[in-house]
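Working notes, beginning with the structure itself.
The values are calculated or read from the model by the stated rules, or taken from the named source; none is laboratory data. All of these numbers come straight from a predicted model, not from anything done at the bench. When we count neighbours, we look across all protein chains shown, and the Cβ atoms used for this are built from the backbone with ideal geometry, even at glycine. These area figures cover heavy atoms from the full protein model, side chains too; ligands, DNA and RNA do not enter into them. Shrake-Rupley method; radii C 1.70, N 1.55, O 1.52, S 1.80 Å.
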Amino acid sequence: MEKRRVVITGIGAVTPLGNSVEETWAAAKAGKSGVALITHFDASTFKSKYAGEVKNFDPANYMDPVAARKMARFSQYAVAAAKMALDDANLTDNKDELARAGIFMGVGIGGFEVTEDSCGKYLASEQHRCPPMAVPELIPNEACGNICMAFGIHGPAHTVTTACSSGTDAIGDALDFVRSGRRDIVLAGGAESTINGFGIAAFEVLHALSTSFSDNPTAASRPFDKKREGFVMGEGSAILILEEYEHAKKRGAHIYAELAGYGSSSDGYHLTAPNPDGVCGAAAMSEALADAGLKPEEIQYYNAHGTSTHINDPSETNMLKIAFGEENAKKLHISSTKSMTGHCLGATGAIEAMFCIKAITDSFIPPTINLEDQDIEGGCDLDYTPNKGIECSVNCAMSATFGFGGHNGVIVIRKAE
């Protein structure tokens, strides 16, 4: 059976670089960092004192303030991104279409700040009391639930939790849902906010976070650089409107690009580390290419997972060499936008899908900033677009994310014809 074509007709985003797609993309093109000293809580006694926080965000600009007070931050970001994506796709007031639409959201953890606050109050209470909204705010599926309530979406609402691959896997699952004919329109993306004391402490104890750049936080996230020492926590949300091609044409929708392929795999190797040989991650890349009906040499841009950790960056480089072949990998334009946003966990795949779409529509490769001394000897020997973006025609782009537990997710986006 021939696959139904799936196109992207709307985009919304709240990121450490800006509270819209336009603000985020302009900052990324300019090579600006969204990393700064933490303001969500007092981090002065923590080793990692900086993060990629969403800034100047007022939920009242996107949703009912009363409803917002019953949401954790990750849900607020998700509702805001959904509103922008629906507005962009000219669907916000189309009640009939929204009633039939579905939604797939990637959330790795959920309302961590609610978990921290609620547990603290429970432990401090002799009567074992807990805030009444603790569970409805902290559970990962509430991003979907709040979006459905805000916009009258009554189709399937699924939450995907595969750690840092959650956003990518949600988009991949949504792609299959539209292809199958179950729905003509599906919202797909990710949301996360774990910048609180418990979240930072929990990742600090794993030695996963960067800690040495308190005097210069913008330099902390440095994928593929010799001085990389760990990832920088980020937060935010991005949502895409996925639509069956003929349906989008019929209603006169603006088409940004086509979501062409998806691949996934599991390392089955370690709780927190990727397999250094990169074979399973490469398998997900190859599967996404095959699903899109593309050859490796047809991809111009690869948005790297690029976490700025000692293990990920050379492992990911090896994946590319396996999946693309040594010569094609050397010709590929690669960048890690986490150098600017930090690592937004469950939201990262959706945010980076947005960067791929903009790379295609604007013919521009965003940079990997802070790449001052490339770790060639350590296995990071490809072209990572150091420090300055470049004008470049992009017909096809790939984005990959790899999560704790060995989850690997890859999508392919191409210019719509």
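The figures follow:
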quantity	calculated
Positions within the range 50-72 being touching a residue at least 60 places away in the same chain (Cβ under 8 Å) and either among the small types (Gly, Ala, Ser) or loosely packed, with under 11 Cβ neighbours inside 10 Å (or both), in sequence order	Ala51, Gly52, Ala67, Ala72
Pairs with Cβ under 9 Å, 6+ apart, first in the range 344-363 and closer than 14 Å to Asp169 by Cα and open to solvent by less than 10 Å² (accessible area, probe 1.4 Å), second modelled with pLDDT of 95 or more and of a type in the set (Lys, Arg)	Thr348/Lys338; Glu352/Lys338
Residue within the range 83-103 that is aliphatic (A, V, I, L, M), within 22 Å of the chain's Cα centre (by Cα) and under 30 Å from Phe213 (Cβ atoms) present	no
All positions within the range 298-323 that are out of contact with any Cys (no Cβ under 8 Å at 6 or more places or on another chain), open to solvent by 10 Å² or more (accessible area, probe 1.4 Å) and more than 18 Å from Ala220 (Cβ to Cβ)	Asn318, Lys321, Ile322, Ala323
Breaking point among (1) assigned to a strand (DSSP E or B); (2) over 20 Å from the mean Cα position of the chain (by Cα), for Ala13	(2)
Pick from the range 16-59, criterion part of a helix (DSSP H, G or I) and within 16 Å of the chain's Cα centre (by Cα), ranking: nearest to Leu240 (Cα to Cα)	Val21
Some residue of the range 250-269 being surrounded by fewer than 19 Cβ atoms within 10 Å (Cβ to Cβ) and assigned to a strand (DSSP E or B)	yes
The range 209-228: number of residues that are surrounded by fewer than 19 Cβ atoms within 10 Å (Cβ to Cβ) and under 20 Å from Thr272 (Cα atoms)	1
All positions within the range 290-312 that are within 20 Å of Gly167 (Cα to Cα) and part of a helix (DSSP H, G or I)	Asp291, Ala292, Asn312
Number of the exception - Ala99 against (1) touching a Gly at 6+ places or on another chain (Cβ under 9 Å); (2) farther than 26 Å from Gly252 by Cα; (3) not in a loop (DSSP other than H, G, I, E, B)	(2)
Which listed residue is part of a helix (DSSP H, G or I), in contact (Cβ under 8 Å) with a residue 12 or more places away in the chain and not charged (D, E, K, R), from Gly155, Gly120, Gly172	Gly172
Boolean, Arg183 is modelled with pLDDT of 95 or more, surrounded by fewer than 23 Cβ atoms within 10 Å (Cβ to Cβ) and part of a loop (DSSP other than H, G, I, E, B)	yes
Members of the range 372-395 found to be farther than 16 Å from Glu316 by Cα and open to solvent by less than 10 Å² (accessible area, probe 1.4 Å), listed by number	Val394
So Phe198, is it within 26 Å of Lys55 (Cβ to Cβ), open to solvent by 50 Å² or more (accessible area, probe 1.4 Å) and not in a strand (DSSP E or B)	yes
Helices (runs of 4 or more DSSP H) (entirely within the range 324-417) containing at least 2 residues that are in contact with a Ser or Thr (Cβ under 6 Å, 6 or more places away or on another chain) and at pLDDT 95 or above	338-341, 348-362
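Residue-by-condition table, conditions (1) over 30 Å from Phe177 (Cα atoms); (2) among the small types (Gly, Ala, Ser); (3) touching a helix residue (DSSP H, G or I) at 6+ places or on another chain (Cβ under 6 Å):
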residue: Lys83; (1), (2), (3): no, no, no
residue: Thr92; (1), (2), (3): no, no, yes
residue: Ala99; (1), (2), (3): no, yes, no
residue: Gly108; (1), (2), (3): no, yes, yes
residue: Thr115; (1), (2), (3): yes, no, yes
